[in-house]
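The values are calculated or read from the model by the stated rules, or taken from the named source; none is laboratory data. For clarity, every value in this text was computed on a predicted model and none was experimentally measured. Positions of Cβ are backbone-derived with ideal geometry, glycine not excepted, and every protein chain shown enters the neighbour counts. What goes into the accessible areas is simple: the full protein's heavy atoms, side chains included, and nothing from ligands, DNA or RNA. Shrake-Rupley method; radii C 1.70, N 1.55, O 1.52, S 1.80 Å.
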Amino acid sequence: MEDQPKSNAKSIMLNYGLVLGLASIIVMLINYVFGDLYEPHWSIMVISLVVTSAIIVMGLKKIKEGNSGFLSLGEAIKTGLGISLVSAIIYCVYLLIFYNVIEPDYFANMIEFQEQMIAERYPQLTDEQLEGAQKNAAMFASTGPNLTITIIVSLFFGLIISLVAGLVMKKSKEE
């Protein structure tokens, strides 16, 4: 009997992770189409956080329904992290396509954009300081570090969201 809920939990993580991954791709495509790729509006982060929260909470509700109305904090965190991981993997596959096919000059353009922003915001920087800032920016301007950061950030937000939602939604059989 226990295999049924575990199997159901895996399919919920996969399904909701797929939905979240596709939603993340759509948000990035909207950014790309509107030309805000290098400096997205703050509202994009808010929209992404709301969508991520909603999808994780829907997944947790589905787990709770399938468990006769019960949900432990551990189940909530595990499910939220599972959804986030599946989503991050799907999004990273898209990013690989984006960086290599759709916008192969992305990292060069990003470095150039950051250099312009630094020069505009901090005109008092010396050449040495500017060069140091450029080196720091260049360290993260490649596929590997970018994908790693994407996965870490996705798991971090998935943990926080599922922790908060789990604390609100938890109901144990002992209660």
Within the stretch 52-60, does at least one residue satisfy the condition of being in contact (Cβ under 8 Å) with a residue 60 or more places away in the chain, on the phi > 0 side of the Ramachandran plot and out of contact with any Ser or Thr (no Cβ under 8 Å at 6 or more places or on another chain)? no
Can you name the residue in the stretch 142-175 that is part of a loop (DSSP other than H, G, I, E, B) and open to solvent by less than 70 Å² (accessible area, probe 1.4 Å) and, of all such residues, is farthest from Asn67 (Cα to Cα)? Ser142
Quick one: is Val93 under 27 Å from Gln114 (Cβ atoms), open to solvent by 50 Å² or more (accessible area, probe 1.4 Å) and modelled with pLDDT of 95 or more? yes
Restricting the search to the stretch 117-141, which residues are of a type in the set (Val, Ile, Thr) and exposed (fewer than 12 other Cβ atoms within 10 Å of the Cβ)? Thr126
Tally, over the stretch 61-88, of residues that are at positive phi and open to solvent by less than 50 Å² (accessible area, probe 1.4 Å): 1
Looking for something under 23 Å from Ile161 (Cα atoms) and open to solvent by 20 Å² or more (accessible area, probe 1.4 Å) - is there at least one such residue anywhere in the stretch 98-113? no
Enumeration of residues in the stretch 80-112 that are over 15 Å from the mean Cα position of the chain (by Cα) and among the hydroxyl-bearing types (Ser, Thr, Tyr): Tyr99, Tyr106
